[in-house]
1. Would you call residue 216 hydroxyl-bearing (Ser, Thr, Tyr), crowded, with 22+ Cβ neighbours inside 10 Å and at negative phi?
2. Of the residues that make up the stretch 309-318, is at least one modelled with pLDDT of 80 or more, in contact with a helix residue (DSSP H, G or I) (Cβ under 7 Å, 6 or more places away or on another chain), farther than 22 Å from residue 542 by Cα and not in a loop (DSSP other than H, G, I, E, B)?
3. Looking only at the stretch 263-300, count every residue that is at pLDDT below 75 and either more than 21 Å from residue 201 (Cβ to Cβ) or not hydrophobic (A, V, I, L, M, F, W, C) (or both) and tell me the total.
4. Of the conditions (1) crowded, with 20+ Cβ neighbours inside 10 Å; (2) in contact with a strand residue (DSSP E or B) (Cβ under 9 Å, 6 or more places away or on another chain); (3) modelled with pLDDT under 90; (4) of a type outside the set (D, E, K, R), residue 431 clears all except one; give me its number.
5. Conditions: (1) at pLDDT 90 or above; (2) outside the structural domain of residue 409 (by TED's automatic domain parsing). Residue 384 meets all but one. Number of the miss?
6. Cβ-Cβ below 6 Å, separation at least six or inter-chain, first residue in the stretch 179-191 and closer than 17 Å to residue 215 by Cβ, second among the aromatic types (Phe, Trp, Tyr) and surrounded by fewer than 17 Cβ atoms within 10 Å (Cβ to Cβ): which pairs?
7. Would you please name the residue that is nearest to residue 273 (Cα to Cα), looking only at residues in the stretch 138-166 that are assigned to a loop (DSSP other than H, G, I, E, B), at pLDDT 85 or above and not small (Gly, Ala, Ser)?
8. Here's a check for you: in the stretch 579-596, which residue that is polar (S, T, N, Q) and at pLDDT below 90 is nearest to residue 721 (Cα to Cα)?
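The values are calculated or read from the model by the stated rules, or taken from the named source; none is laboratory data. Just so we're clear, the structure is a prediction, and the values are computed from it rather than from any experiment. Here the Cβ positions follow ideal geometry from the backbone for every residue, glycine too, while neighbour counts run over all protein chains shown.
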Amino acid sequence: MKITERQAVSSSAEDQFVELFAQVFGLDKVQLLAYDQPIEDIYGSSRFIDYALKTIDDKIAFEIDGLTWHHPDAITIDKFEDDLLRQNSLIHLGWKVFRWTDRELFREPEKVKEQLALFLESVADIVSFDEFLPKQRGEAFELRPHQEEALGSLESMRLVGKSIGLLTHAQGAGKTVVAVSDAKKVGGRTLFLAHRRELVVQAYDELKALWPEQTTGLFLGDVREHDAFNIAGSIQSLADRHKEFDPTTFAYIIIDEAHHAAASTYRRLLNYFRPQFVLGLTATPERADGQSILEMFVNSAHRLDLKTAIERGELVPIRCVRVKTNVDLSKVRFNQVQYNRNDIEERILIPSRDQLVVDTYIEHVLNRKAVVFCVNVRHGETIAELFRKQGISARSVSGRMSTQDREACMSEYRHGHVDVLCACDILNEGWDCPEVEVLMMARPTLSKVIYLQQIGRGTRKAPDKECLIVFDFVDNSTKYNQSLSLHRVIGEGRYRPGGILIGPPGVAANDEIAIENGALPTSVLHIEVWARDFEVIDLFNWQEAVAGMKSVSELEFELGTSAGLIRRAIERGEIDANHTLQLGDRMHYYFSEERIQAVCKQLGIEPVDADNVKDKFVEYVSKMDMSASYKPVLMLCLLDTIDERGRVKVTTLVEKFRDFYLSRRTNGMTVEKTSVSMSRVFDLEMAEIQATVLKMPFEKFERRRYLEYDKRDLAYVRFSRPLWQKLSVTDLTTLRERCFEAIEKYYERIESPV
């Protein structure tokens, strides 16, 4: 299929959006973006969101448009109105919609990043699309006169895998004693939450009295004792500051008077923390609005992760077979956690690889219910046709089908009229078929979220379903762009074909013993799949490898060098980075903390610190290498406007900067070189001048840690605190003189070029 120029630009723009999103929120959050998310409009027609993001409280749609979307004259009125219907449907269905053009993403990336940060600043606890994972299980019971009986009930709940309890009680029945005693049995750090101050203080006293061998602290109002082993705190205080704790900090969470708390507050806390057990205490199991407290807890708590759910027996065990191909993905471009769509389709959509998928099914799992995950709709249709040529009933299904056709296809599959579904874009359609026994991962992906969504379509329990069998098709790739497989997702470096990769401890152990003894369960897979020896898998994950490292731009900023100094040294071969990664057309370099000192020594860089900042600053101002007048003019304006704390409002500084050039123009003097924007000072808006000031001269000083934004009020800029503390009145006078000298020499040079 010929790729049009518009399609190529669109794909490139989508890559750019992912890049910008990652720069704002980090690589881990990029994995939560769902590409081409299918939805239905208000009339039941299939629609797609460029990138979707679900959070606890919001559904967010990001749209990337060509300029034609904003100009009805450039497209038909029908198409324009259809686009409006699509957007109105999204809003009606509860989506927040944010749109950018291709042009904005490339020409104004900083503006887009600022907008992303602004639009999502109130979004808390971004979560993945994990509907396929089991909810935690809970149980409500009444506190009996004998507290030991209650403690026994709690212990029994945990033994059968329940992780949430709701204890109903009458006033004065000793609920806090039971809760704290049970927390002691679990043994980890405990968080006791209540909605009123007096209840928090009472819980604090109880924890200290009942658990004296561990420290107890308060988290209430201005008192925030993070390091205590046990903490009594208010729901309100923790809701605003819960991220000051690691999600796994507490093994046990107790929520007192649960029926009084706001549901949104509970959702935030229960979804964030990862305790072993949550216990709610209440006089009534029903809220005033009729909602069950227990049900609210279960729905709000984080889902079990895949491995835990399988080990607890909530989902079926998984066997895994790795099928190696000769397809080369080493040249496929990728952007953070996504392959370039055009590249991956060109490499993957080849007949021999498709035939390998079909042959694998016939050889090892013939007649079992299978789903083949495909790259796109055309890929699904092609593989389905290959299956049918072998006499196997197969259908292609995708989110692009009408709802009626898709449901009819799924019904045929459930009722045994179709054995193999070749699927594309049905991950988030709420589709569920527990009878699926086999998943064939024919779609390479770098997204852990997408991979787990695919796995989740086959992990449900069903009668006579011993396990889920996963076939990972492993293509040749580089260290950095190798696609995900089940072993890499769960971090298991040993592989035995057909063996149970994830299962309850006893089941997995017995399976391994059976293989060692030659008692292979041939009813599960064809005998040729099995092997006695383990193969070692390279689990290298570049995102994990560079975690905690500094990118070259971050390192240049930290060391106070000019932009590009270290990058150019790498490109000249003078130094090597710890990791070199190509994303699209740009190379990204990462350095470990241990390398920084060596880099400084090799390149003769003396990092700016509190001891040398004044000397380096004076030296920098004295040299003042420049292609325009901006740096000395900015510094002169700053020195003329700063207050006693070394700061000035940005608007005041920009006005002073503008007035310098207006004065030269009014007095008939050369304003600037014609190639420099301030030569047109009369034509510039204040916003344009401010952008010039902050992007060019200010950033030069900021990179070297001489100037900074005031952390308490970003409307101000200032000398960095270590530098300001060292500058005397005499120093400021000397600096002003050197700025005048630099400005005079500059204009002499441009007015009398040699």
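1. Working: hydroxyl-bearing (Ser, Thr, Tyr): yes; crowded, with 22+ Cβ neighbours inside 10 Å: yes; at negative phi: yes.
Answer is yes for this residue.
2. Yes, some residue in the stretch 309-318 is modelled with pLDDT of 80 or more, in contact with a helix residue (DSSP H, G or I) (Cβ under 7 Å, 6 or more places away or on another chain), farther than 22 Å from residue 542 by Cα and not in a loop (DSSP other than H, G, I, E, B).
3. Filtering the stretch 263-300 for residues at pLDDT below 75 gives 263-264, 283-292, 299-300.
Checking the rest, the ones that are also either more than 21 Å from residue 201 (Cβ to Cβ) or not hydrophobic (A, V, I, L, M, F, W, C) (or both) come to 263-264, 284-292, 299-300.
Final tally of qualifying residues: 13.
4. All conditions are met except number (1).
5. Every listed condition holds for residue 384 apart from (2).
6. Going by the 6 Å Cβ cut-off, the qualifying pairs are 189/229.
7. In this case the residue turns out to be 162.
8. 580
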